[in-house]
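Peer 1: Submitted below is the structure of interest, expressed as structure tokens.
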């Protein structure tokens, strides 16, 4: 394990301004090449792949 690198990174992160901290958070937690859950839900609703279910009766379990 590279302890010196981890310590250096921690010091660099702790020295960030609020603006830099926000940018780091955005890059770490919000930038993604993956589609969001909302995007996937919209695709499922409008894409037509589940249209066959429109003609099926609802199943009610008792």
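The values are calculated or read from the model by the stated rules, or taken from the named source; none is laboratory data. Keep in mind that what you see is a predicted model, and the values were worked out from it rather than measured. Using ideal geometry, Cβ is built from the backbone for each residue, glycine included, and neighbour counts are taken over all protein chains shown.
Peer 1: Would you kindly identify the helices (runs of 4 or more DSSP H) lying entirely within the chain that contain at least 3 residues that are free of Cβ contacts under 8 Å to residues at least 24 places away in the same chain and more than 23 Å from the chain's Cα centre (by Cα)?
Peer 2: Details: elements: 3-14, 18-25, 37-46.
So the answer is 3-14.
Peer 1: Please specify each residue of the range 26-60 satisfying the condition of being at pLDDT 85 or above and surrounded by 11 or more Cβ atoms within 10 Å (Cβ to Cβ).
Peer 2: 40, 41, 42, 43, 44
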